[in-house]
């Protein structure tokens with residue numbers, strides 16, 4: 001196959017004409033998105049790509065589009081991803097604990113996301129009840145099929161690629177709850193921790209839990225402390241990212257408390273903007289400046305409203321903002337800051 005060589009000017013004109021004539025283009029951002037996407041795809045085609053490359057891109061785009069459209073109507077509802085082994089049998093106490101945890105989360109007003117398979121995933125979908133959970137199913141040549149509690153649901157999506165599936169787990173969830181598991185669970189645990197540690201995903205509860213007679217997570221946390229923290233592969237504040245709990249009630253309470261005053265976060269230029277569900281007093285802000293100066297690159301913690309940045313004016317106009325120049329060196333410390341705000345609001 002011979003690569004096609006485009007006249008760049010004609011190509012740009014064609015893309016612009018196509019983009020501007022498509023329906024439902026209401027903002028400059030949408031127009032730029034279409035133009036940039038079409039330009040990237042035509043540049044790929046001009047480079048004479050291999051069939052396997054084209055298939056990968058096409059399937060990945062299809063999976064992402066399907067996922068974004070599914071979750072779009074649920075963005076304002078808190079969602080919790082449950083990870084754990086597909087090999088956990090229903091008679092295992094962790095299966096029962098997962099089922100109870102999912103039920104508690106739904107009763108607290110949240111939705112559940114699982115990998116749609118058997119074991120812990122099945123328990124999560126079962127406990128959540130019909131219509132209250134999502135299933136992100138990975139297509140494998142063996143072992144795993146969608147469980148009966150999510151199989152026929154409109155909230156179940158099949159994925160060819162782990163990377164698109166894991167992206168959606170992270171993008172669409174507000175908390176993670178991990179039960180014991182194998183390579184897949186460990187992979188998901190360390191990837192999420194890495195994303196939180198480096199600021200590549202917003203701060204959120206990362207909860208590990210097992211039944212009372214299991215030492216799975218205690219021994220795992222000892223390993224992390226002994227072989228990662230003590231050998232300076234991670235910093236002490238990175239351990240703040242991890243919460244180990246014992247009961248389903250604690251899980252729901254922990255997540256609800258995390259979002260009691262704290263709402264969400266955004267990084268705009270050099271400023272970190274925390275949106276708040278309820279306002280902070282000047283006295284509390286003074287306490288933040290006294291307690292968390294190590295999180296500041298410069299300046300102080302200050303209060304504002306949604307007019308602090310043009311990008312914020314149309315978002316959550318009723319929510320107060322906490323502004324500060326975060327040093328981006330301690331996202332574990334950022335978790336501590338959020339905990340402090342929730343405890344002292």
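The values are calculated or read from the model by the stated rules, or taken from the named source; none is laboratory data. The structure presented is a predicted model; accordingly, all values stated were derived computationally and were not measured. Please note: Cβ atoms are built from the backbone with ideal geometry, for glycine as well, and neighbour counts cover all protein chains shown.
Just to confirm my filter: which strands (runs of 3 or more DSSP E) fall fully inside region 75-167 and include at least 2 residues that are more than 19 Å from residue 185 (Cα to Cα) and in contact (Cβ under 8 Å) with a residue 40 or more places away in the chain?
156-159
Starting from region 52-73, keep only residues that are closer than 9 Å to residue 164 by Cβ, then list their pairs with residues that are assigned to a helix (DSSP H, G or I) whose Cβ atoms are within a distance under 7 Å, requiring at least 6 positions of separation or different chains.
60/164; 63/164; 64/164; 67/168
Filter region 277-309 down to the residues that are over 18 Å from residue 341 (Cα atoms) and within 25 Å of the chain's Cα centre (by Cα) and list them by number.
Hits for region 277-309 are 306, 309.
Which of the residues spanning region 211-220 are surrounded by 15 or more Cβ atoms within 10 Å (Cβ to Cβ) and not in a loop (DSSP other than H, G, I, E, B)?
Answer for region 211-220, where residues must be surrounded by 15 or more Cβ atoms within 10 Å (Cβ to Cβ) and not in a loop (DSSP other than H, G, I, E, B): 216, 217, 220.
Being out of contact with any strand residue (DSSP E or B) (no Cβ under 7 Å at 6 or more places or on another chain), at pLDDT below 95 and farther than 30 Å from residue 329 by Cβ: is that true of residue 152 here?
yes
Look through 321, 275, 266 and report the one residue that is touching a residue at least 12 places away in the same chain (Cβ under 8 Å), surrounded by 14 or more Cβ atoms within 10 Å (Cβ to Cβ), touching a helix residue (DSSP H, G or I) at 6+ places or on another chain (Cβ under 8 Å) and closer than 30 Å to residue 82 by Cβ.
Result: 266 is the single residue among 321, 275, 266 that is touching a residue at least 12 places away in the same chain (Cβ under 8 Å), surrounded by 14 or more Cβ atoms within 10 Å (Cβ to Cβ), touching a helix residue (DSSP H, G or I) at 6+ places or on another chain (Cβ under 8 Å) and closer than 30 Å to residue 82 by Cβ.
Given the conditions (1) in a loop (DSSP other than H, G, I, E, B); (2) at pLDDT 85 or above, which single one is not true for residue 4?
Evaluating residue 4 over (1) in a loop (DSSP other than H, G, I, E, B); (2) at pLDDT 85 or above leaves (2) as the failure.
Go through region 168-201 residue by residue and tally those that are closer than 23 Å to residue 234 by Cα, part of a helix (DSSP H, G or I) and under 18 Å from the mean Cα position of the chain (by Cα).
15
Return the total of residues in region 207-220 being free of Cβ contacts under 8 Å to residues at least 40 places away in the same chain and under 25 Å from the mean Cα position of the chain (by Cα).
5
Within region 286-306, which residues are in contact (Cβ under 8 Å) with a residue 24 or more places away in the chain and buried (at least 17 other Cβ atoms within 10 Å of the Cβ)?
Within region 286-306, 288, 292, 295 meet the criteria.
Residue 255 is checked against (1) in contact (Cβ under 8 Å) with a residue 40 or more places away in the chain; (2) assigned to a helix (DSSP H, G or I); (3) over 22 Å from the mean Cα position of the chain (by Cα) and fails just one. What number does that condition carry?
(3)
Here is a list: 233, 223. Which entry is in the same structural domain as residue 174 (by TED's automatic domain parsing), in a loop (DSSP other than H, G, I, E, B), under 26 Å from residue 197 (Cα atoms) and free of Cβ contacts under 8 Å to residues at least 40 places away in the same chain?
Result: 233 is the single residue among 233, 223 that is in the same structural domain as residue 174 (by TED's automatic domain parsing), in a loop (DSSP other than H, G, I, E, B), under 26 Å from residue 197 (Cα atoms) and free of Cβ contacts under 8 Å to residues at least 40 places away in the same chain.
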